[in-house]
1. Any chance you could count how many residues in the range 51-64 are part of a helix (DSSP H, G or I) and more than 19 Å from the chain's Cα centre (by Cα)?
2. For the range 241-258, state whether one or more residues are at pLDDT below 85, assigned to a helix (DSSP H, G or I), within 18 Å of the chain's Cα centre (by Cα) and crowded, with 16+ Cβ neighbours inside 10 Å.
3. Using the structure shown, decide if residue 214 is closer than 21 Å to residue 102 by Cβ, at pLDDT below 90 and under 17 Å from the mean Cα position of the chain (by Cα).
4. Going by the conditions given, is residue 193 surrounded by fewer than 24 Cβ atoms within 10 Å (Cβ to Cβ), modelled with pLDDT under 85 and either in contact with a helix residue (DSSP H, G or I) (Cβ under 6 Å, 6 or more places away or on another chain) or under 26 Å from residue 108 (Cα atoms) (or both)?
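The values are calculated or read from the model by the stated rules, or taken from the named source; none is laboratory data. Quick caveat: nothing in here was measured; it's all calculated off a predicted structure. Neighbour counts are summed over all protein chains in view; Cβ atoms, including those assigned to glycine, are modelled from backbone coordinates with ideal geometry.
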C-alpha cells in the first residue's frame, strides 16, 4: 500500500479498524447459526468474502479499501466459529483442527511471492473465485442448529474462561505485528520480495508444526514464559536487514504463538457440547480484539517511543504472556 501513497500509520489504522468487523462477525456467529444452521451460515460467510475481494478490484481509495477489508473480515468472523463448532461437535482435537487451518495459511504465505509478481487484480479475482468454489462444500455440510446464547450465558463464559480470552488477544497481537508491518518494512527498505514470503511462511510453518505436535508436546514446554520469550524475537528485525535473522525470528515467534493459541483453544474445546459454539464465538472475537488493537497500538506506541511497530507489538504481547502465566503457575504450585 506504500506504492499507493498510504503511510505506515494509515495502513495500521485501516488494518486495525477493519478488524472490528471480525469481532462483530464472531459475536454474531452463534446467533446466526441458531437461526440458519451451520451450512447456511458458512455459505453466508463465504459470500461476504467473495464480495469483499471483488470490491478491491474497483478502487484504491482509502474508503473502498476499508469497506472491502471490513467485508472480508466480517465474513471470516462468522466463518471460523461455525467451523470450530462443527469440528468440536464431532470430537475433533485441538491439534488436528489447528493443523488443518494453519496448513491453509501456510499455503497462502508460500503464495505471497509468486502473487506479488502478478497484477493485484488477478489476486483478488482468484480469492473471490476460490470463495465461490468453497460454497459447494458448505452446501453438503451438516445443518444442525443450536440454541441462541443468552446474556447470562455470555457473562458466565467470559468469567469461566478469562485466561483463554486473554491468550487469544496475546496470540493475535503478536501475529498482527508481523502480518501488518513486515510487508511495509520490506517495501520501505527495498528488500527482496521473496524475503517477505519466506519470513511470513516461516512464522506460519513453525506454528503449523507445533499445532500438529501439540498433543505430544510435554506439559513442561507448554509454558507461557517460554512463549513470551519466543514472541519477543520479531523485535530484532527492525535492527538488521539480515535475511537469516528475519526468517529465524519468524520461526521462533510462530512457535510462541502456537503455544499460546493451543493452550487457549484446548480450554475452549473442553467445554460441554452445548456451550462450545458460544465459546468458539468468543474465542474468535477475542482474537479479533488483538488484530483490532495490535496495528493501532503498534503505530501509536511507535510514534511515542520512536521505534518501529513490529517491535512494540512484540514487546506488548511478550509482557502480556508473562502476566497471563502468573495465575496458571499459582494453580500448578
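1. Result for the range 51-64: 6.
2. So far as the range 241-258 goes, no, none of its residues is at pLDDT below 85, assigned to a helix (DSSP H, G or I), within 18 Å of the chain's Cα centre (by Cα) and crowded, with 16+ Cβ neighbours inside 10 Å.
3. Considered against the rule, which asks whether it is closer than 21 Å to residue 102 by Cβ, at pLDDT below 90 and under 17 Å from the mean Cα position of the chain (by Cα), residue 214 comes out as no.
4. yes
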